[in-house]
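Remarks on the structure that follows.
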Amino acid sequence: MKMNDLPTVAWTLARRAERMNPSVIREILKVTERPGIISFAGGLPSPDTFPVDAFAEASRKVLRDDGRAALQYAASEGYGPLREAVAAMLPWKVDPAQVLITTGSQQGLDLVAKVLIDSGSRILVETPTYLGALQAFQPMEPEVVSVASDAEGVDVDDLARKAAGARFLYVLPNFQNPTGRTMSEARRVALSMHAMRLGLPIVEDNPYGDLWFDAPPPAPLTARDPSGCIYLGSFSKVLAPGLRLGFVVAPPQVAPKLLQAKQAADLHSPGFNQRIVHEVMRDGFLDRHVPTIRARYKRQRDAMLAALSREMAGLDVTWNTPDGGMFLWARLPKGMDAVQLLPRAVDQGVAFVPGAAFYADAADVRTLRLSYVTCSAEQIDAGIQALARAIREQAGA
């Protein structure tokens, strides 16, 4: 029998695979590979902030002093000294046994989804919310419900109306992706009280909390009710994303199952990388390094705000002023759609992410996310000028 005569294999995909969709942001990033495109699209930290020399020295020391163990299989929970360091740097009492080192905080979201979501489970998210979280949750076939949100964060009255039977509320209180907003202290108090009264668990994602500009954000929600929250953190924004290291802090009722899900997923996060990060952190390096990132990002935010004020005059475009993080949220004039604007903007030499991708439902098509951290002030000026030209063209089309 010839190979051509053999029947074609019919692969049957799992139902959950049908709910897996490509990241809108990753698809847009392909556009930015075109020469000359100024990209405000990617949620990438500035590579100029990566402490290459510190990593080089730490790598040499780890390989010299502990090379065989660093290159061997490791405990699924993570490198003990790093877990202890994570517990020590959090602003509430944490047992290192509650800390699980993950392969980026994105894996933490995946583990939470596997452990807490059944098909048809109701989960609550902000409006809008992080696209990567929606991607992590969707394969588990939940009912994703958007909770109304404003500049201060989640609307607790709307939360109370929608919380019945929900498995958890997912929130990013600090310099949120995509909007850059920060939940106020008053709203955190109200949200924590409502969640405890309702018996509603909270999944608190905090990859940007150290990137404040003028003052640190209020205390985490988890610090107010550790037994009712799962907390996710990351080393990607303060050290380097290529290490793929994050962490989850979970109450004792949940931590063992997250660990089992981690074991099934990848056995453990890279032990070599964990030792390098611990070595870099040992002498207070983050206390010296992170302020340099804050200062850089604040200058770039200010450059974008100035360019928007100058170039968008008379265009009925609005935007917020984030107090930290990497993103700014803008809204186009009435009648415009950011998805339709994007190709025109790319033709003008600038890219952004349409905001509709970040909504679980009822998307505001006029919104867009602008990232300011990977562009110079000169590129920001040129990019915002190009964006304004595209908006004017679209308005006149």
Residue count for region 154-184, restricted to those that are closer than 21 Å to Phe352 by Cα and not in a loop (DSSP other than H, G, I, E, B): 0
Taking region 320-351 and the residues there that are in contact (Cβ under 8 Å) with a residue 40 or more places away in the chain and in a strand (DSSP E or B), the one that is farthest from Ser39 (Cα to Cα) would be Gly324
Mind telling me which of the residues Ala357, Ala330 ends up being under 25 Å from Gly153 (Cα atoms), open to solvent by less than 60 Å² (accessible area, probe 1.4 Å) and modelled with pLDDT under 95? Ala357
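Quick check on region 140-150: of everything there that is on the phi < 0 side of the Ramachandran plot and of a type outside the set (Gly, Ala, Ser), which residue is surrounded by the most Cβ atoms within 10 Å (Cβ to Cβ)?
Applying the filter and picking the extreme gives Val147.
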Got a sec? Which strands (runs of 3 or more DSSP E) wholly within region 37-146 have at least 3 residues that are at pLDDT 95 or above and more than 24 Å from Ala363 (Cβ to Cβ)? 99-102
Before we move on, is Ala345 buried (at least 21 other Cβ atoms within 10 Å of the Cβ), of a type in the set (Gly, Ala, Ser) and closer than 21 Å to Arg301 by Cβ? yes
Please determine whether any residue of region 380-389 is surrounded by fewer than 20 Cβ atoms within 10 Å (Cβ to Cβ) and closer than 18 Å to Gly43 by Cβ. no
Members of region 302-327 found to be over 28 Å from Thr49 (Cα atoms) and exposed (fewer than 15 other Cβ atoms within 10 Å of the Cβ), listed by number: Arg310, Ala313, Gly314, Asp316, Thr318
Of all residues in region 79-102, count the ones that are small (Gly, Ala, Ser) and in contact with a helix residue (DSSP H, G or I) (Cβ under 6 Å, 6 or more places away or on another chain). 2
Sole residue being over 30 Å from Leu387 (Cβ atoms), at pLDDT below 95 and not basic (Lys, Arg), chosen from Asp266, Asp347, Asp287, Asp283: Asp283
With touching a strand residue (DSSP E or B) at 6+ places or on another chain (Cβ under 6 Å), farther than 22 Å from Ile117 by Cα, surrounded by 16 or more Cβ atoms within 10 Å (Cβ to Cβ) and small (Gly, Ala, Ser) as the only criterion, which of Gly180, Gly153 stands out? Gly180
Candidates Gly108, Gly120, Gly132, Gly165, filtered to the one that is under 25 Å from Val86 (Cβ atoms), small (Gly, Ala, Ser) and surrounded by fewer than 23 Cβ atoms within 10 Å (Cβ to Cβ): Gly132
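The values are calculated or read from the model by the stated rules, or taken from the named source; none is laboratory data. Only a predicted model underlies this, so the values are computations on that prediction, with no experimental measurement involved. Note that we place each Cβ from the backbone using ideal geometry, even for glycine, and neighbour counts take in every protein chain shown. Surface areas here come from the heavy atoms of the whole protein model, side chains and all, with no ligands, DNA or RNA. Shrake-Rupley method; radii C 1.70, N 1.55, O 1.52, S 1.80 Å.
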